[in-house]
Structure formats: structure tokens, C-alpha cells
1. By average Cβ neighbour count within 10 Å, what is the ranking of 280-287, 334-341 from highest down?
2. Return one number: the angle in degrees, 0 to 90 and rounded to the nearest 10, between the long axis of the Cα atoms of helix 118-139 and the longest principal axis of the Cα atoms of the chain.
3. What ranking, highest mean first, results for peptides 70-83, 445-458 when packing means the other Cβ atoms within 10 Å averaged over each residue?
4. Positive end of the dipole of the chain, charges at C-beta (+1 Lys, Arg; -1 Asp, Glu), about the Cα centre: which of Val390, Leu139, Gly424 has its Cα farthest in that direction?
5. Test of understanding: express the Cα radius of gyration of the range 437-559 as a ratio to 2.2 N^0.38 Å, with N the residue count.
6. Rg and Dmax of the range 284-440, using alpha carbons, in Å: what are they?
7. So which lysines can Lys384 reach, going by Cα to Cα under 22 Å and dropping same-chain residues fewer than 8 places off?
8. Quote the FRET efficiency, to the nearest 0.05, computed for Ile76 versus Lys322 with a Förster distance R0 of 35 Å and r equal to the Cβ-Cβ distance.
Amino acid sequence: MYQGVNASEGIGIGKVMVAVDPDLTFEPHEVADTAAEKERYQAALAVFCEKTQAQADHMKVAVGENEAEIMAGHIILAQDPGMTDAINGAIDGGACAEQALVDASTMFENMFLSMDDEMFRLRAADIADIRTGILAELLGVEVVDLSVLPENTVVVVHDLTPSMTATIDKEHVAGIVTETGGRTSHSAIIARALEIPAVLSVANSCSALRNGMTAIVDGSKGVVIAEPEGDVLADYQAKAQAFAEDKAALEAFRGQETVTADGIKKILACNIGSPNDVPNALEHDAEAIGLFRSEFLFMDATELPSEEEQFQAYRKVASAMKGAPVIIRTLDVGGDKAIPYLAMEPEENPFMGFRAVRYCLEYVDQYKVQLRALLRAGAFGDVKIMIPLVTCVEEVRAVKALVEECKHELEAEGLKYDENIEVGVMMETPAASLIADKLAEEADFFSIGTNDLIGYTMCADRGNDHISNLYQVYYPAVLRSIKNIIENGVNAGIMVGMCGEAAADPLLEPLLISFGLEEFSMSAPSILRARKTISQWSKAECDELAEKALACSTAEEVKALLEAAAR
Ligand code: PEP
Ligand code: MG
């Protein structure tokens, strides 16, 4: 049995096919005719771009627009003037095209790898993928082709690159196993979009698993079992069957209202990072957008996006949601989210540092650009402004004063805007939780960010394996905090939602119903399951369970109680 990262849920059983990386070794040599060598490079680049475009087109139909954009992004990166200049410069210095490509791409790859932010590190994987593609063209070597596979194939590969996934014979893939990558890698994102069970980062899997072996890929638990015993195989076949039936049964909840067993209406919303995520949210039946992480707009740019650029992005989401609520969080920079062009000073303790609303209130002119764009987008739908990392009332008042200032400016300029735009607070710090009553007097709504709330409450970094046991929503301290926030919001008559990962936890959902949570916001594929869970519980049953959960002393007791009660 091999343990890896549970990157895409489900159980796949099939025969192993180890996809071997192409041999891209070459003899570096000096070139005399540099003009001809540059042309040779350009020709290889052109073929690479043509093939990549074809893959992107195929992917658009077979997987989805977002995923196709990853491929289209490869073309832009491959043609990046900085990269082209570096390659031409090296060829002018006598390097062969292969060497020039390897040197320049490695330089860019290392640059991206040195950045703290996950989004930029993903770019490093893209650069490596591009290098393989262009190098293969220069050397005339075939890259791994996964477009025609025997039925029930378990694909084992060192790294599943976006270009491999673009052409993968989806119908015949039972599961994917890789030696690298985490839950947020592109391979994981694409595997989830394709709904193929995947376990990533299984050390040495390319040598440990051999062609023709039977393997079970448990993408829910992150486990791979090679050559299983008869009873284990039968057990997993039953589990795979149950998983498929369970998933099919969720379809019955498509298009239905989200209500508890006793008819209390709830809202199921989606978390997004870009306007391009909206079609997928709607496809999965999202009733609202509970969190648009606007920082991705800033991360994907090389300089601050202008008011117009931001307005267009926010308006696109507001219009696509056709009047349904769209909560847009203002720039949540800092902590784990670095934006290089903002040139923020390195800090000893960035999670407790100059980040989110603290940064925005220091750079007011910059912040007003975003607030103006949000107010203007509000004229095209139900846009709501959310302030991240609030710790005191003063911050909320300061943002609201800026919003008023922006309204006056827009009025004077004769631009359309939403004069009644709601301004809400992201409840994700213990400080905010402790003054939830006071914040509820200032805010139009609350949304609980459990990802940070758990971390700050338990003093446990979400990425630190050594203390991952402490990073759990089931700790009594976290549960009490969540209850306090919801109750104070409800008492003040404002909408209370949750946009942290915990909103999609079926074990926790009955407690959230008991506390009075109104909106549950999550990633798109979790929506139907949440609708089912909500439908299975009445308020009275939830209250009974919540009373027992709140009487527990340890996270273990809470979790055991919720697991025993799960439906
Ligand atoms: C949260 O903290 O729960 C949250 C939703 O925000 P992020 O994960 O972007 O910090
Ligand atoms: Mg947060």
C-alpha cells in the first residue's frame, strides 16, 4: 500500500500503465550560423504553439473552459518576450537552441519557484511543461501520448502535466498516480474537473508500480494498493460501486431548493477566484457567489489592475449571476499571498503582519480604485463588499467611510453605481469573534472564514504537518467561536454565511444549521452533496446534536459524535 496526496476523490481499479518520460538528452554544441539556429528555434516554437492550441481546443470541449485556459496560458508563456530575448541572446552567444531553451527556461522556473505563493509556484510547473514540449520538437522526440488507452487504465506518471491531461483518453482512465504535486497543483485541479480519482506525490511510484499490475487508486483517502488480495479487491469494488451510486443519487438534488428536513431555507453559494469560474459554479447549481477572492485578479497581473479592468471583471460576475448575491472580498494580500509588484517588505511573521485590510487602509488611493470598481459593478447585479482579516470596529468604520467617499466621487462624475451596496465583514480572527456583537452593529453581513479562524484560534499553521492535528474545526474552542459569531449575527438580524472549507464538511453542517447559518459557500463540486446533507436534518435534530457536541471536551470526542450521527 502506498500513501500519497488525496487529490481527486473516488475509487479507480484497473491495470497499471507507467507513462515513461521522453528521452530529451542532447549534446550541447556551439553554433556558427546563429541566424539559422534562431530560425530553427522559432520553427519548433511555432509547431509547439500550434499543437498546444489544438490541445486547448480539445480541452475546452472535453474538460472545460478554465482548464483549456491553462493550456492557452502555455502559449502566452512560451512566447513571452522576456523568455524569447533570453533564448535569442544565448544563441547569439553561440549556444545551440536546445541549450538556450534549457538555460532560459530554468532561470524563469527558478524565479517562480523562489516565490512563496502557490500561484506562482504553479507557473514553475508550467514552464517545465513548456520546456519539455519545445525540446521534444527541437529533438524530434514524441512526448507521452495518453490519447488512446486500454479500458480501465491506471496511469502512473512522474508528473501529470497539463499538456498530458489535455489529451487524456478520459473514458478509459480509471485512476491517476503521480510522483509529484499537491492538492492545488494543476494536475489535481484538472483531475478533479475530469472527475478521475487521483493520488499524487506517491514516492517512486513509477518504479514501484509496473505495467500490467492491478492497482486500486483511492483518491478519497490518498491510497494506492498494488496487486490487492481477493478480499481487498472485492471490498474496494463494493466501495467503488457505492461511490458511483452515491454520486448518481446526488443528481436528484440538482435544481432543487436548499431546505432542511423541516423546510428552513438555506443558500448554497460557490467560492471563485476569477470570472471564468462562474460557468462551472452555475453548472454545479450555485445559488450565489459567497466568496470571490479578488486577489487572484491582482496575482495574475504584472501591475495593479486599473479601475476599468477590475470593474469589467466584477461586472462580468455580477451579470452572469443574474441578480443573485455576489460577495467580493477586497484584496487579501500578505500572509501566504504575495504579489511581487506590490513590493511588500519581508516580515518575520507575515500571518500576523501587514496584510489584507491593514495594507489596504495604508494605501488608501490604491484601495479606492477597487472600491470604486466594486460600487460601479454593483449597478449590474447584487454585488456586496467583504472586508478580510478584520480585528476591530475601527477598520470597518474606516472602510465604510472610504466607500462613502467613493460614492460621492462617482456621483460627481456621473457614473452609475450601487448607492445601497452592502459592506460585510469576513469573520476569520479570534478578535472579530470576541466582538461579534459590536461588529454586527457595523456590518451588513458576516461571512466566516474558517480556514484562517481555525489557524488563528488554535495558533496552528494550516500548512504545517507537525501540528496538523491541532488544525481542526472540531476543537471546542473553534466550535464555540463559530457559534458565537453566528448567534451574534442572527441576533442583530444580518445574514451570516461561511466561506471557509468547513462549510462543505457534512459532519459539521448539522451544527451550522443549529447555530443558524444561512449561507454555505464552497467549491462547486461540493454543492449537491451539501444540499443533500442539509435536506436530511431538521432544526430540532441539529439542536440536539449541537448540545451534545458543545458539551464535549476534546476534538476527538466531537468528531466521534458527529461521525456516529452522520447520515
Ligand atoms: C478563510 O480564511 O476561511 C477564507 C475563506 O479565506 P482564504 O482561504 O482565502 O484565506
Ligand atoms: Mg482567510
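1. Final packing ranking: 280-287, 334-341.
2. Helix 118-139 sits at roughly 20 degrees to that axis.
3. 445-458, 70-83
4. Of the listed residues, the answer is Gly424.
5. 1.03
6. Computed over the Cα atoms of the range 284-440, radius of gyration and Dmax are 15.3, 45 Å.
7. Straight-distance partners of Lys384: Lys265, Lys266, Lys316, Lys322, Lys368, Lys400, Lys407, Lys416, Lys438.
8. It comes to 0.65.
Each value in this text was obtained by applying a stated rule to the coordinates, not by laboratory testing. None of these values were measured; they are calculated from a predicted model. Here the Cβ is made from the backbone with ideal geometry for all residues, glycine too, and neighbour counts use every protein chain on show.
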